[in-house]
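Have a look at the structure below, then the notes.
The values are calculated or read from the model by the stated rules, or taken from the named source; none is laboratory data. On a predicted model such as this, the values are computed, not experimentally measured, just so you know. A quick note on method: Cβ atoms are made from the backbone with ideal geometry, for glycine too, and the neighbour counts reach across all protein chains shown. These area figures cover heavy atoms from the full protein model, side chains too; ligands, DNA and RNA do not enter into them. Shrake-Rupley method; radii C 1.70, N 1.55, O 1.52, S 1.80 Å.
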Amino acid sequence: MKPVAFEYHSPHSLDEALATLARVAPLEGRVIAGGQSLVPAMAFRLVRPGHLVDINGIAGLDHLRVEADELVIGACVRHAIFHRPVVAGVLGRALTDIAAHVAHYPIRMRGTFCGSLAQADPASEWCLLAMTLGARMIVRSVRGERSIPAHAFFQGVMSTDIQPDELLTEVRIPLPHAQARIGFDEFSRRRGDFALAMALVQFDLLDGRMKAVRVGVGAVEATARRIEAAEQTLEGGMPTMDRFQAAARAAAQAVDPSDQPQVPAVYRRELVESCVRRALERALSATLPKLP
Amino acid sequence: MKQPITLQVNQNTYDIEAEPRRTLADALREDCGLTGTHLGCEHGVCGACTVIVDGDPMRACLMFAVQAEGRAIRTVEGLAAGATLHPLQQAFIDHHALQCGFCTAGFLMLATSLIERADPPDDQELLDALSSNLCRCTGYKNIVNAVRAASVALRQR
Ligand SMILES: Cc1cc2nc3c(=O)[nH]c(=O)nc-3n(C[C@H](O)[C@H](O)[C@H](O)COP(=O)(O)OP(=O)(O)OC[C@H]3O[C@@H](n4cnc5c(N)ncnc54)[C@H](O)[C@@H]3O)c2cc1C
Ligand code: FES
Ligand code: FES
């Protein structure tokens, strides 16, 4: 199908974009970033925006830098930039690992990191990252700026705290400690498809023991979330295969997957178990990349 | 409402009139008369519509024509130099990398962008990128073979 007719706006500055957005928000106005989720939804007429505010022409929204102890990712940063490590250490490698699973290569050339968060698909890899590592989302409107922690940002399936007149200008991810390990794993039936289950883990390895453990699971419930039961199984312990397995089983018990004919809940639980275990193994074994 | 849009395709200028909701793929086919770019799914899944925009492969069904103004677009019509096929096109023939041909333009543009890159992809990256597009005929093996061969041929020129 073809999208419904809309009015197109191509602002050149953030202020201009916010003013336009404030004006068209009540008229079903929307931001378009990469368009890799929005345009398919428009083609199916699942969404029928009256106005599109295109942020691709705004200079300075594609910033990607480390500021103090955060990695800052601007609204126009594309998935593809993470094909190579953008920061040293475990975070750079984890971002590269994860990016390979986000959609397909040409879609990664155009789709944006921030657009993924705004879209809030339950199976979005970047949403899992934001939830697990505790990112902050910076949104702006003519009314001012807000910083929203991940747990308050994601509100349900494709639903976030971004208001219709607000623009997500950047995402801030806390840099892991020097002793940190990060591991990711997901399962999808075809390469590039949305995953059926995914896990992201982070822990500090101090004197051979795991501290500050974070275990996140995505693609299984309405939003990605951390699984406390799995974290407690690991916290303070040594990274052994038995402990990894116990944490993986705890995660599989703790989640509440939907039961669908093609993806029964029991199957998804088993996937969660495998993904959490493999993510933990990956965190432990991964070697660090050299920055170019 | 229709508005004037200027597209640069294969180094030619096309002045067209189209609504903002016109996708780049539809504009290429309907307004520029360049029907080499095919449309399969029209929602980003199949890759039949892949074209090159400012050097990068993109789904032409997931971009509006107005967004492509001022950008250098390449389609399958621009690959051959007169009667001489692009090395990748020749490799597709030599390796029997197409049957019905519906997916071919998309694969050609996707692979062209990859093998022309200053830092050509290694084999793993190549397979990952080629997994972006669907082909219901060939079973992919010959497509991969053709792209590998063309990548070598291009570097030896
Ligand atoms: C075939 C296919 C497979 C895919 N597979 C995956 C996958 O495996 N994993 C995955 O995570 N994604 C996948 N995607 C989606 C892809 O990653 C999108 O790029 C991403 O979800 C949205 O980013 P975008 O920049 O394209 O946003 P758009 O499509 O432009 O926008 C998406 C939504 O977010 C809003 N929005 C975007 N940017 C902002 C902003 N800065 N401020 C406020 N609102 C904003 C828009 O208004 C819209 O509602 C897939 C897409 C396709 C077509
Ligand atoms: S027609 Fe564009 S991806 Fe299928
Ligand atoms: S040759 Fe028929 S779909 Fe690929």
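Return only the number of the condition from (1) in contact with a His (Cβ under 9 Å, 6 or more places away or on another chain); (2) open to solvent by 20 Å² or more (accessible area, probe 1.4 Å) that B:Q11 does not satisfy.
Against the list (1) in contact with a His (Cβ under 9 Å, 6 or more places away or on another chain); (2) open to solvent by 20 Å² or more (accessible area, probe 1.4 Å), B:Q11 comes up short only on (1).
Which numbered condition in (1) within 14 Å of chain A (Cβ to nearest Cβ); (2) touching a residue at least 40 places away in the same chain (Cβ under 8 Å) is the only one that B:A60 fails?
Status for B:A60: all satisfied but (2).
Based on what the data block shows, is B:R71 away from ligand 3 (no atom under 16 Å from the Cβ), within 23 Å of A:M109 (Cβ to Cβ), of a type in the set (K, R) and in contact with a helix residue (DSSP H, G or I) (Cβ under 7 Å, 6 or more places away or on another chain)?
no
Is it the case that B:L34 is in contact with a Phe, Trp or Tyr (Cβ under 7 Å, 6 or more places away or on another chain) and either assigned to a helix (DSSP H, G or I) or more than 13 Å from chain A (Cβ to nearest Cβ) (or both)?
No; evaluated as a whole, the condition is false for this residue.
Residues that are in contact with a helix residue (DSSP H, G or I) (Cβ under 7 Å, 6 or more places away or on another chain) and open to solvent by less than 20 Å² (accessible area, probe 1.4 Å): does segment A:156-164 have at least one?
no
Give, as residue ranges, the helices (runs of 4 or more DSSP H) completely inside segment B:104-157 that count at least 3 residues that are more than 16 Å from ligand 2 (Cβ to nearest atom) and away from chain A (no Cβ under 14 Å).
Output list reads B:141-156.
Inspect all residues belonging to segment B:88-99 and state whether any of them is among the small types (G, A, S), within 13 Å of ligand 3 (Cβ to nearest atom) and closer than 21 Å to A:V39 by Cα.
Looking through segment B:88-99, none of the residues is among the small types (G, A, S), within 13 Å of ligand 3 (Cβ to nearest atom) and closer than 21 Å to A:V39 by Cα.
Got at least one residue in segment A:68-82 being under 26 Å from A:D193 (Cα atoms), open to solvent by 30 Å² or more (accessible area, probe 1.4 Å) and within 14 Å of another protein chain (Cβ to nearest Cβ)?
Yes, segment A:68-82 contains a residue that is under 26 Å from A:D193 (Cα atoms), open to solvent by 30 Å² or more (accessible area, probe 1.4 Å) and within 14 Å of another protein chain (Cβ to nearest Cβ).
In the set A:A152, A:A130, which member is among the small types (G, A, S) and open to solvent by less than 30 Å² (accessible area, probe 1.4 Å)?
Checking each option against the conditions leaves just A:A130.
Quick test of your reading of the structure: B:E69 fulfils all but one of (1) surrounded by fewer than 19 Cβ atoms within 10 Å (Cβ to Cβ); (2) more than 13 Å from chain A (Cβ to nearest Cβ). Name the failing condition by number.
(2)
Out of all the residues in segment A:164-202, which are assigned to a strand (DSSP E or B) and among the aliphatic types (A, V, I, L, M)?
A:L167, A:L168, A:V171, A:I173, A:A180, A:I182, A:A197, A:M198, A:A199, A:L200, A:V201
What tally of residues in segment B:37-54 results from selecting those that are surrounded by fewer than 22 Cβ atoms within 10 Å (Cβ to Cβ), touching a residue at least 40 places away in the same chain (Cβ under 8 Å) and within 14 Å of ligand 1 (Cβ to nearest atom)?
The qualifying residues number 2.
Would you confirm whether or not segment A:22-31 contains a residue that is within 17 Å of B:R59 (Cα to Cα) and more than 9 Å from chain B (Cβ to nearest Cβ)?
no
How many residues are of a type in the set (D, E, K, R), in contact (Cβ under 8 Å) with a residue 12 or more places away in the chain and either on the phi > 0 side of the Ramachandran plot or touching an Asp or Glu at 6+ places or on another chain (Cβ under 8 Å) (or both) when one looks only at segment A:204-238?
Summing the residues that are of a type in the set (D, E, K, R), in contact (Cβ under 8 Å) with a residue 12 or more places away in the chain and either on the phi > 0 side of the Ramachandran plot or touching an Asp or Glu at 6+ places or on another chain (Cβ under 8 Å) (or both) in segment A:204-238 gives 3.
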